[in-house]
Amino acid sequence: MHILKPNQFSGDALTEHIELEEELSPFLDRSDELNQAYFDAVIRNAKGLFDTLFPKGEAFTLVYHVYGGHPGNTGMFRLIRDKSLRFQTTVIRSEEEEETLWTYIVPITDRSQLHTPRLLEAICHQDFQSLRPRLRGWATSYPAVSDRRACLIRL
């Protein structure tokens, strides 16, 4: 299986950017206050997209990257319900432009193995420090998932 690195997700002719919310802004008008309605809509649309692309009972692969020294606890496994997947996860260390990149590849046999709503919420909240849940650490990339049909979604 070929695993894409974070810098390989942009510019591809087969890449389609999907805006999960087009009418609302993450911020309330003329302020730094977060717009909860925006995040509710984004999370609802992310769940709908995930449900459509990855139906119950189908296997897929969860891939995420962490930059820097050994990351220790990335916090990703708190979003994975099946704790035995820790022992099935493949970790690959590589050097990318003078920086260490850790790639985690987690085989998911069924989406019931994930805390899918919390995972999607954490991804949607990642760029907003005050929101929870979030992915742990500034160096953790947004996860990507793919299935045997070679469908890939970078969340």
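Residue check, residue 57 against (1) open to solvent by 20 Å² or more (accessible area, probe 1.4 Å); (2) touching a strand residue (DSSP E or B) at 6+ places or on another chain (Cβ under 9 Å), all met but one. Which one? Evaluating residue 57 over (1) open to solvent by 20 Å² or more (accessible area, probe 1.4 Å); (2) touching a strand residue (DSSP E or B) at 6+ places or on another chain (Cβ under 9 Å) leaves (2) as the failure.
Of all strands (runs of 3 or more DSSP E) completely enclosed by the range 87-154, which ones contain at least 2 residues that are modelled with pLDDT of 85 or more and more than 16 Å from residue 69 (Cβ to Cβ)?
99-108
Applying the condition of being closer than 16 Å to residue 106 by Cβ and not in a loop (DSSP other than H, G, I, E, B) to the range 36-63 and asking which residue is modelled with the highest pLDDT yields 50. Looking across the range 64-121, the residues that are on the phi > 0 side of the Ramachandran plot and open to solvent by less than 60 Å² (accessible area, probe 1.4 Å) come down to 68, 72, 75. Scan the range 21-46 for residues that are farther than 17 Å from residue 134 by Cβ and open to solvent by less than 70 Å² (accessible area, probe 1.4 Å) and the total you get is 8.
The values are calculated or read from the model by the stated rules, or taken from the named source; none is laboratory data. Bear in mind that the values here come from a model prediction, so they are computed numbers and not experimental data. Here the Cβ is made from the backbone with ideal geometry for all residues, glycine too, and neighbour counts use every protein chain on show. We work out accessible area using only protein heavy atoms, side chains counted, and drop any ligands, DNA or RNA first. Shrake-Rupley method; radii C 1.70, N 1.55, O 1.52, S 1.80 Å.
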